[in-house]
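The values are calculated or read from the model by the stated rules, or taken from the named source; none is laboratory data. A quick note: this is a predicted structure, and the numbers were derived from the prediction, not measured. Methodologically, a virtual Cβ is constructed for each residue, glycine included, from the backbone with ideal geometry; neighbour enumeration extends over all protein chains shown. Accessible surface areas use protein heavy atoms only, side chains included; no ligands, DNA or RNA. Shrake-Rupley method; radii C 1.70, N 1.55, O 1.52, S 1.80 Å.
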Amino acid sequence: MRTSQPQTIYLNEYKVPAYLVDHVDLRFELFENGARVHSTMTVRRNPECVQSKAPLELDGDSLKLESVSLDGLPLDAEAYDDQGDKLVVPNVPAQFELNVVTWIEPQNNTRLEGLYKSSGMFCTQCEAEGFRSITYYPDRPDVMAMFRTRIEADKAAYPILLSNGNPVEQGELAGDRHFVTWEDPFPKPAYLFALVAGDLVEKKDTFTTCSGRAIDLRMYVEPRNAEKCDFAMDSLKRAMRWDEEVYGREYDLDIFMIVAVDDFNMGAMENKGLNIFNSSCVLASQNTATDASFQRIEAIVAHEYFHNWSGNRVTCRDWFQLSLKEGFTVFRDAQFSADMGSPTVKRIEDVTLLRTAQFAEDAGPMAHPVRPASYMEISNFYTLTIYEKGAEVVRMINHLLGDDLFRKGSDLYFERHDGQAVTTDDFVRAMEDASGRDLSQFRLWYEQAGTPVVTVADHYDEDRGVYRLDICQSVPDTPGQTGKKPQHIPFALGLLSRAGEPLPLNLSAAEQDGPQERVLELTESEQSFEFHGLSERPVPSLLRNFSAPVRVQYPWSRDQLLFLMSHDPDGFNRWDAGQRLAVDVIQSLIGAPEGAEVEPRLVGAYRNLLSDVSLDQALVAKMLLLPSEAYLVELSEQADVPAIYAARQKVLTHLAESLRDDLVGCYQRSRAEGEYQLTPQAIALRSLRNTALAWLLHIKDEQGLAFALEQYRSADNMTDRLGALRALVNSDFADEREQALRAFYEQYSDDPQVVELWFSVQASSYQAGQLPQIQTLLDHPAFDWKNPNKVRSVVGAFAGQNLAAFHKADGSGYQFLADQVCRLDDSNPQIAARLISPLTRWKKFAPHYGQQMKAALECVRGKSELSPDVYEVVLKSLSD
Ligand code: BES
Ligand code: ZN
């Protein structure tokens, strides 16, 4: 039991650990009714700690202590203090061996942190603070030890026994049991510890590193998943090669293992040499995984692998530095995905997530800097700000330094800090030292929360041929942070002539052939830039490729946006212009009278996209997607979701009706011929075709229905089958919808990953995911409250993606979510705390909605024995 009240932990109270652990020897005795953990630590006083008489303090959580001995002598109960969440041993010598034996019950662990059971196998999740529910230990990342782990279990039920490092010994034991001992030669923090025991099949491969070492690659999965490993294994090899080529990072152990488990709070975990994955983030086959899942798997396998250097060899000093490993590694996996596919499409996807969800977080009650200054519950801080904004910050450093100096900086960082636990400041300093650049103002990106607003005004002086940009920046107030300083913003831009030609950017009258793109470095609240030698007023293309995570304000006319949509040489900005135009059109229809006109030029622009086959189809596929409701909410004040939804639907209907024949043409043309392939082109065609199909069904087109039924029947891959199902589900063809849903479930009921897709297609659909239907899904035999993926695919999809159904004027959606959060809080607080997030931004919504959201939060606050996880989120949301 957690007994103490949640407390706030502050970065500026960081103290070095009083004791260090050099070695830890673990022995796990695994049984059906529990596990006994024997831990022997070699401990010494930390020479850097001034307090030499400090007691030894070990963290613990939900442990049953069986015995403690020091240098081989059992301690009696007076010699230590078992405080439940701490084991305190006063008067310890400067160097000693401490042995602790604990009893835990993995079979009853529903929080899925520490050691737990998932479909009959034992597995662990120790980041951030799960190791303390395995044994008493200084559970902080700046205590790094060498681990030796012996696992003992029943041989028939658990033939496979895994831990970090290399296997060094194995043998038989009495009572049909066996053991395996593993040794990890690299010192690591406890959060990187892992153990797996189960009846798993082994998939083998090898990789030869750049220096010629042969690495054994292994995947361990339940027998029924044996055929779903190839894609992840190939992704792993691509990632290993890429990290050698792009970052000069070679793998360091002789074996690298991946395990798939069904019950997992997150996507995956980078435990040294033994990555553990949520099944849905690693298992795939053409017939069960969509293009999006394949791409996610490739990215996440790479992400966890990349942590071997950015996270494991060089780790975090404390959890305030989380973005040191996560932001950097997300940046690395994004570069990898860009190299494996279409860089523009990858950028569009990342920016969409950033602008929709991270900007919202940064403007809400949970806003915090990339390096937070305080937290209550660390598991609440695995946020979009730490991950996505953190990655943007590293991307900006890359942009400011250029690729070569950035690589020099990362080499220096890895070399200088190998084997250490360090800070984001150490990372920036390595970048500075390698490049000679001063990043002192840039550091504000780590310290100040909130999304900077960059306002651009332009003036054209015809007589002088000078075009001037006046650029202001400001960083908004966030909870606990006001009066912020201007930040160092790399602002990429270009200028276009009326004919659509790129113009030279001459910063003075003397300059003649300036470059066609420049990166302006904004450092002050107000700056002006003059561009010379221009014989006409140019159209500006601002913040190309989204060079900084900021909001740009500029009074674009619809003509300018239409122009940029078809002429900007920057693919990202072409897409962005289309989004801005669509946003403008939708916004102008919110609350407009019934017969209000939909901008005719929008129809023309979309017709071009649909019919001009010379355009990059991958970009077209993205440009056709209208801005999501969530993004429209994010852009509005006092959001009225039903009104936003209605306006967006109106535009969609109008476009689909006006472009009906073009959609049919596009659908028929965009058929990927031949075998299923995962190239950017093939993915784009499937996406394009499924969008055309969805639009046709949106207007209840009979030919569209025929396409959908035939596509469903003949699909040779899950992207097309699910695309057809989704289009039917989101249509008004009620009978066909029911029929297709039934057929789909029957076909895939024994595949949990596909059943999750089936749940989320319904829960995120306005047509199929109204509250009573959500209730039915929760009662479905395949639903399981103990499985986070199932909870996310129903409750998470409803509250996070089905906005118009969730934001019902009677508040029923809010109350429903509050009830589910309370119910989950008792079994899995981390998932409960994540699930509640749609309620936290109640201030963003029109008062009628906001007040009811607030009431739902208050209802959660009133629950007895609220976990610290949910408590922190509710407290901050209500006191904002
Ligand atoms: N280290 C995290 C996993 C983690 C986070 C475990 C929080 C426990 C608590 C891992 O490297 C990670 O970041 N995983 C992401 C996916 C990744 C591709 C961004 C995840 O699990 O969502
Ligand atoms: Zn990570």
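Of the residues making up segment 102-139, those that are part of a loop (DSSP other than H, G, I, E, B) and either more than 15 Å from ligand 1 (Cβ to nearest atom) or of a type outside the set (Lys, Arg) (or both) number 17. Kindly indicate whether any position in segment 612-627 is without any contact (Cβ under 8 Å) to a residue 60 or more places away in the chain and of a type in the set (Ser, Thr, Tyr). Yes, segment 612-627 contains a residue that is without any contact (Cβ under 8 Å) to a residue 60 or more places away in the chain and of a type in the set (Ser, Thr, Tyr). Filtering Arg834, Arg861 for residues that are under 23 Å from the mean Cα position of the chain (by Cα), at pLDDT 95 or above and under 30 Å from Ala128 (Cα atoms) leaves a single hit, Arg834. Residues in segment 279-308 that are within 11 Å of ligand 1 (Cβ to nearest atom), of a type outside the set (Val, Ile, Thr) and in contact with a strand residue (DSSP E or B) (Cβ under 6 Å, 6 or more places away or on another chain): 2 in all. Residue count for segment 600-651, restricted to those that are assigned to a helix (DSSP H, G or I) and small (Gly, Ala, Ser): 9. Set side by side, the residues Ser525, Ser541, Ser557, Ser588 differ, and just one is open to solvent by 40 Å² or more (accessible area, probe 1.4 Å) and either touching a Gly at 6+ places or on another chain (Cβ under 9 Å) or touching a residue at least 12 places away in the same chain (Cβ under 8 Å) (or both), which is Ser525. Residue check: is Glu673 within 30 Å of Gly595 (Cα to Cα) and surrounded by fewer than 20 Cβ atoms within 10 Å (Cβ to Cβ)? No: the conditions fail for Glu673. How many residues are part of a strand (DSSP E or B) and among the basic types (Lys, Arg) if we restrict to segment 490-532? So the answer is 1. Confirm whether Thr352 is open to solvent by 10 Å² or more (accessible area, probe 1.4 Å), away from ligand 2 (no atom under 11 Å from the Cβ) and modelled with pLDDT of 95 or more. Yes, satisfied.
Would you confirm whether any residue within segment 309-322 is over 24 Å from Val754 (Cβ atoms), of a type outside the set (S, T, N, Q), in a helix (DSSP H, G or I) and within 13 Å of ligand 1 (Cβ to nearest atom)?
Kept after step one, since they are over 24 Å from Val754 (Cβ atoms), are these residues of segment 309-322: 309-322.
The next check asks that each one be of a type outside the set (S, T, N, Q); those that pass are 309, 311, 313-314, 316-320, 322.
Within this subset, residues satisfying the condition of being in a helix (DSSP H, G or I) are 319-320, 322.
With within 13 Å of ligand 1 (Cβ to nearest atom) added as a condition, the list becomes 319, 322.
Among the residues of segment 309-322, at least one is over 24 Å from Val754 (Cβ atoms), of a type outside the set (S, T, N, Q), in a helix (DSSP H, G or I) and within 13 Å of ligand 1 (Cβ to nearest atom), which makes the answer yes.
Within segment 455-474, residues that are without any contact (Cβ under 8 Å) to a residue 24 or more places away in the chain have Cβ atoms under 6 Å from residues that are surrounded by 14 or more Cβ atoms within 10 Å (Cβ to Cβ) in these pairs: His459/Arg468, counting only partners at least 6 apart in sequence or on another chain. Being open to solvent by 10 Å² or more (accessible area, probe 1.4 Å), of a type outside the set (Phe, Trp, Tyr) and within 15 Å of ligand 2 (Cβ to nearest atom) is not true of Arg213. Look at Val314 and say whether it is open to solvent by less than 10 Å² (accessible area, probe 1.4 Å), within 16 Å of ligand 2 (Cβ to nearest atom) and under 24 Å from Glu388 (Cβ atoms). Answer is yes for this residue.
Restricting to segment 72-84, name every residue that is in a loop (DSSP other than H, G, I, E, B) and among the charged types (D, E, K, R).
Scanning segment 72-84 gives a single hit, Asp76.
In segment 793-827, the residue that is surrounded by the most Cβ atoms within 10 Å (Cβ to Cβ) out of those that are farther than 26 Å from Ser864 by Cβ and of a type in the set (D, E, K, R) is Lys808.
Could you tell me which of the residues Glu227, Glu250, Glu202 is free of Cβ contacts under 8 Å to residues at least 60 places away in the same chain and either within 16 Å of ligand 2 (Cβ to nearest atom) or out of contact with any Ser or Thr (no Cβ under 7 Å at 6 or more places or on another chain) (or both)? Before the answer, list the steps.
Details: Glu227 fails: either within 16 Å of ligand 2 (Cβ to nearest atom) or out of contact with any Ser or Thr (no Cβ under 7 Å at 6 or more places or on another chain) (or both); Glu250 fails: either within 16 Å of ligand 2 (Cβ to nearest atom) or out of contact with any Ser or Thr (no Cβ under 7 Å at 6 or more places or on another chain) (or both).
Exactly one residue qualifies, and that residue is Glu202.
Identify, please: which residue in segment 372-383 is away from ligand 2 (no atom under 16 Å from the Cβ) and assigned to a loop (DSSP other than H, G, I, E, B) and is, among those, least open to solvent (accessible area, probe 1.4 Å)? Per the criteria, the residue is Pro372.
Taken as a whole, the condition of being of a type outside the set (S, T, N, Q), crowded, with 19+ Cβ neighbours inside 10 Å and more than 30 Å from Ala799 (Cα to Cα) applies to Phe406.
For segment 27-71, the tally of residues that are buried (at least 19 other Cβ atoms within 10 Å of the Cβ) and either at pLDDT below 95 or part of a strand (DSSP E or B) (or both) stands at 13.
Taking (1) surrounded by fewer than 24 Cβ atoms within 10 Å (Cβ to Cβ); (2) within 14 Å of ligand 1 (Cβ to nearest atom); (3) among the hydroxyl-bearing types (Ser, Thr, Tyr) in turn, Ser342 satisfies each apart from (2). Against the test of being more than 15 Å from ligand 1 (Cβ to nearest atom), acidic (Asp, Glu) and either open to solvent by less than 20 Å² (accessible area, probe 1.4 Å) or over 28 Å from Ile683 (Cβ atoms) (or both), the options Glu250, Glu245, Glu270 yield a single qualifying residue, Glu250.
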